[in-house]
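For reference, the structure is listed below as structure tokens.
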Amino acid sequence: MFWQLLLISVATWIFYYRWQRRRLYKIAKAIPSGVQSYPVVGHAYLLSGNDEDRMRGLQIFGRKAIENGGLSTLWMMNTLYVNVADPRAAETIAKACVQKDENTVKFIRTVIGNGSIFARVHIWRPRRKILAPIFSLKNMHQFVPVFNKQSVIMTKLLAPMAETGDFSIWKYITTYTFDAVCETTLDIQMNAQSKPHVPFLTAFDSLLGLVAQRCSTPWLYPDFVYKNLAYYKQFVEARQLVWDFMDEVVQRKRREQKTREQEGKEASGMRTFLDMMIERSGKGDKGYTDLELREEAMVIIFAGTDTSAVGAAFTTVMLSRYPEVQEKVYQELQDVFGNSERPVTAEDLPNLKYLEVVIKECLRLYTPVPIITKEIEEDVQLRLNYAMNSMKTVIANLCRRYKILPPQNMDPMKLKEPLPLKYSIMMKHVDDYVVRPRSFNSCVVIAYHDPTSRT
């Protein structure tokens, strides 16, 4: 009798569960995925393995959406996702749905906290009113001297490597963006470009990798599972190092502000993001708490470091593969700067129109953030800024001083093939952006043969 009652109870629960979710099943039936799904795990098996395997899985869903006219579905265990590859449909969703999907951002939130990009709407909306004016064009322009200084350091560090053959340019670009974002956000000279290991950057990179792995591995979602794995100890140690560093910086800025107020002095020099957040949020109890300042500063560091670095690195690799485009970029730089070594200024950037077009095209082909997930709270009818200044400055200084060539032994037939990719929160190059820079002082003229040309 007991087993009969248990069986009836389980069957009743399953029926009720499926009845509650009947609309999801209807959507899944109406929008085919075109990919084999399995009980319990759904399509999650396609996102297992390493970063490159996960990227291949995401590409499968993207291609299926294109084949289906812009939409496809996938099941991550019991959660249904509608994959959108149609730009008009994506625009509609972006405008109608402001809440991000909790299944992905909640893990980023374990590092960033309630920073504005990743917080729920009721938290980020009031913060946005404070933050939006901070990202004005005037404020962004004051950071260009920092971008120029740090990118010139990068090009000088590249000099010993420029004649040695192929190498990954990734560490040079990512340490440039890290130094630039820490100086513009926190007013700290990290000098990551000249130091082999910076604990904060190492810990930050480790956190991003661990979060990316958890986001795409549904069986790591439950806390009781994840907290009993070796990953968790590594995660907690790296997070504590990052949090302690950020809290110390915030408290130092608070002390500096209090001292200036007591002495009746105005802040001089460049105003960092952290300075502006403290000023705009209000004084005393009305302003941001130390925790809120840490959260918002970490969002800027997270977005400013990896997004700018990935965009600049992909652009560098693509320039190495399209010498005719690189030559046009170089000619535009000659028109603006001539053969001078003068710094790049905010006034120069609007004149680098072709370079901006090139960067935007590379961002279209290899967007740093390959997926954005939104939570649909009501029916939606579908019909089938900082970073750019940083990237333009670093690419301008790089291309003024070096000709970027592809890897030496690369088959010319493969130069125009899509780049192999991997997923690690950001979309990145599998080969870590290997190129062969040559100083213009030592360059020889190379005749480029386009294998697709008839001549």
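The values are calculated or read from the model by the stated rules, or taken from the named source; none is laboratory data. All figures in this text were calculated on a predicted structure; none of them were measured in a lab. Note that each Cβ is placed from the backbone with ideal geometry, even for glycine, and that neighbours are counted across all protein chains shown.
If the condition is being more than 22 Å from TRP75 (Cα to Cα), at pLDDT below 80 and of a type in the set (Val, Ile, Thr), then the stretch 1-29 contributes ILE8, VAL10.
Being aliphatic (A, V, I, L, M), under 25 Å from the mean Cα position of the chain (by Cα) and at pLDDT 85 or above: is that true of VAL84 here? Here the answer is yes, as VAL84 does meet what is asked.
Of all residues in the stretch 1-33, those that are within 25 Å of VAL84 (Cβ to Cβ) and not in a helix (DSSP H, G or I) total 4. For the stretch 306-319, indicate whether the set of residues that are at pLDDT below 90, in contact with a strand residue (DSSP E or B) (Cβ under 6 Å, 6 or more places away or on another chain) and in the same structural domain as LYS138 (by TED's automatic domain parsing) is non-empty. Taking every residue of the stretch 306-319 in turn, at least one turns out to be at pLDDT below 90, in contact with a strand residue (DSSP E or B) (Cβ under 6 Å, 6 or more places away or on another chain) and in the same structural domain as LYS138 (by TED's automatic domain parsing).
Where helices (runs of 4 or more DSSP H) fall entirely within the stretch 107-193, those with at least 3 residues that are in contact with a helix residue (DSSP H, G or I) (Cβ under 7 Å, 6 or more places away or on another chain) and closer than 25 Å to PRO350 by Cα are at 144-158, 170-186. Of everything listed in (1) of a type outside the set (A, V, I, L, M); (2) surrounded by 14 or more Cβ atoms within 10 Å (Cβ to Cβ); (3) in contact with a Phe, Trp or Tyr (Cβ under 9 Å, 6 or more places away or on another chain), the single unmet condition for GLN331 is (2).
Put simply, of ARG280, ARG271 the only residue that is closer than 30 Å to ASN114 by Cα, out of contact with any Ser or Thr (no Cβ under 9 Å at 6 or more places or on another chain) and in a helix (DSSP H, G or I) is ARG280.
Here is a check on your reading of the model: is LEU405 hydrophobic (A, V, I, L, M, F, W, C), surrounded by fewer than 21 Cβ atoms within 10 Å (Cβ to Cβ) and in contact with a Gly (Cβ under 8 Å, 6 or more places away or on another chain)? Here the answer is no, as LEU405 does not meet what is asked. On inspection, ILE130 fails the criterion of being in the same structural domain as VAL181 (by TED's automatic domain parsing), among the β-branched types (Val, Ile, Thr) and within 22 Å of the chain's Cα centre (by Cα). Considering the stretch 399-423, and only residues there that are touching a Ser or Thr at 6+ places or on another chain (Cβ under 8 Å) and modelled with pLDDT under 85, the residue that is farthest from THR307 (Cα to Cα) turns out to be LYS416. As a summary of the residue check, LEU201 satisfies the conditions (1) surrounded by 14 or more Cβ atoms within 10 Å (Cβ to Cβ); (2) out of contact with any Phe, Trp or Tyr (no Cβ under 6 Å at 6 or more places or on another chain) except for the one numbered (2). Every listed requirement among (1) crowded, with 23+ Cβ neighbours inside 10 Å; (2) within 20 Å of PRO145 (Cα to Cα); (3) assigned by TED's automatic domain parsing to the domain that holds MET161 is met by MET391 save one, (3).
Residues in the stretch 36-48 that are touching a strand residue (DSSP E or B) at 6+ places or on another chain (Cβ under 7 Å) and part of a loop (DSSP other than H, G, I, E, B) were compared, and the one that is surrounded by the fewest Cβ atoms within 10 Å (Cβ to Cβ) is SER37.
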